[in-house]
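Peer 1: Take this structure, written in structure tokens, and hold onto it; I'll ask about it next.
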Amino acid sequence: MDEKELGSIKGWFAGRLPDGWFKGVEVAVEDDQIVVIGTLPETNLGSTPEEKEGAAAGRISRFREETRGDRIGIAREAEERFKKYVTWGAKLDGVTKRFNPGGGGRGSDDRRSVMIRRWMRRHRGQHQREAEKQSQVF
């Protein structure tokens, strides 16, 4: 990917993301996906490192759930425009979590399920058409 295309993608996300979601955002392209990792506003929750890590993980989870519908909509727009899947993530106080493409619930460790979903998208309806053909033959 050239710098011009990457700049266009970064600029589009800078203009498209709702104000207040992140205090900073990193947009990168990895293989066939756009990865958007936003830095959430810092918290002052917890006094020990363990409490702070737990609070950060909880805040990231809350952000994920509260923004799910909007993230899916933005991801669909970006996928249509740039022909690449979108993976979301957030980081806070040293904790970084990636969400699945479109924000639908998979953690970043499950690459196999992403590949299966992509295959299913590409072949959507193929099995149904084959079954309809078989039923017409008999």
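The values are calculated or read from the model by the stated rules, or taken from the named source; none is laboratory data. It should be emphasised that the depicted structure is a prediction, and the values quoted were computed from it without experimental measurement. Because the Cβ atoms are built from the backbone with ideal geometry, glycine has one as well, and the counts that use them run over all protein chains shown.
Peer 1: Say whether the condition of being under 19 Å from Ser8 (Cα atoms), under 12 Å from the mean Cα position of the chain (by Cα) and not polar (S, T, N, Q) is met by at least one residue in the range 56-67. Show your work before the answer.
Peer 2: Taking the range 56-67 first, the residues under 19 Å from Ser8 (Cα atoms) are none.
Within the range 56-67, none of the residues are under 19 Å from Ser8 (Cα atoms), under 12 Å from the mean Cα position of the chain (by Cα) and not polar (S, T, N, Q).
Peer 1: Could you please give the count of residues in the range 21-45 that are charged (D, E, K, R) and modelled with pLDDT under 90? Write out each step before concluding.
Peer 2: Narrowing the range 21-45 to residues charged (D, E, K, R): 23, 26, 30-32, 42.
Restricting the remaining residues to those that are modelled with pLDDT under 90 gives 31-32, 42.
Looking only at that region, the number is 3.
Peer 1: Let me ask another. Please work out which residue is surrounded by the most Cβ atoms within 10 Å (Cβ to Cβ), limiting yourself to the range 54-92 and to residues that are more than 22 Å from Ile34 (Cβ to Cβ) and in contact with a strand residue (DSSP E or B) (Cβ under 6 Å, 6 or more places away or on another chain).
Peer 2: Among those that are more than 22 Å from Ile34 (Cβ to Cβ) and in contact with a strand residue (DSSP E or B) (Cβ under 6 Å, 6 or more places away or on another chain), it is Ala56.
Peer 1: Is it the case that some residue within the range 53-70 is assigned to a loop (DSSP other than H, G, I, E, B) and out of contact with any Gly (no Cβ under 7 Å at 6 or more places or on another chain)? Break it down into steps so the answer makes sense when it comes.
Peer 2: Of all residues in the range 53-70, those assigned to a loop (DSSP other than H, G, I, E, B) come to none.
No, the range 53-70 has no match at all.
Peer 1: Right, another one. Could you list, in sequence order, the residues of the range 7-28 that are assigned to a helix (DSSP H, G or I) and either closer than 14 Å to Val86 by Cα or touching a helix residue (DSSP H, G or I) at 6+ places or on another chain (Cβ under 6 Å) (or both)?
Peer 2: Residues of the range 7-28 assigned to a helix (DSSP H, G or I): 7-16.
If the condition is that a residue be assigned to a helix (DSSP H, G or I) and either closer than 14 Å to Val86 by Cα or touching a helix residue (DSSP H, G or I) at 6+ places or on another chain (Cβ under 6 Å) (or both), then Ile9, Lys10, Trp12, Phe13, Arg16 are the ones that fit.
Peer 1: Quick one: Leu45 ticks every box in (1) surrounded by 12 or more Cβ atoms within 10 Å (Cβ to Cβ); (2) touching a residue at least 24 places away in the same chain (Cβ under 8 Å) bar one, so which box is it?
Peer 2: Checking Leu45 against (1) surrounded by 12 or more Cβ atoms within 10 Å (Cβ to Cβ); (2) touching a residue at least 24 places away in the same chain (Cβ under 8 Å), the one that fails is (2).
Peer 1: Follow-up. Looking only at the range 30-86, count how many residues are of a type in the set (Val, Ile, Thr) and closer than 16 Å to Arg16 by Cβ.
Peer 2: So in the range 30-86, the residues of a type in the set (Val, Ile, Thr) come out as 34-37, 39, 43, 48, 60, 67, 72, 74, 86.
Among the residues that remain, those that are also closer than 16 Å to Arg16 by Cβ are: 34-37, 67, 72, 74, 86.
Result for the range 30-86: 8.
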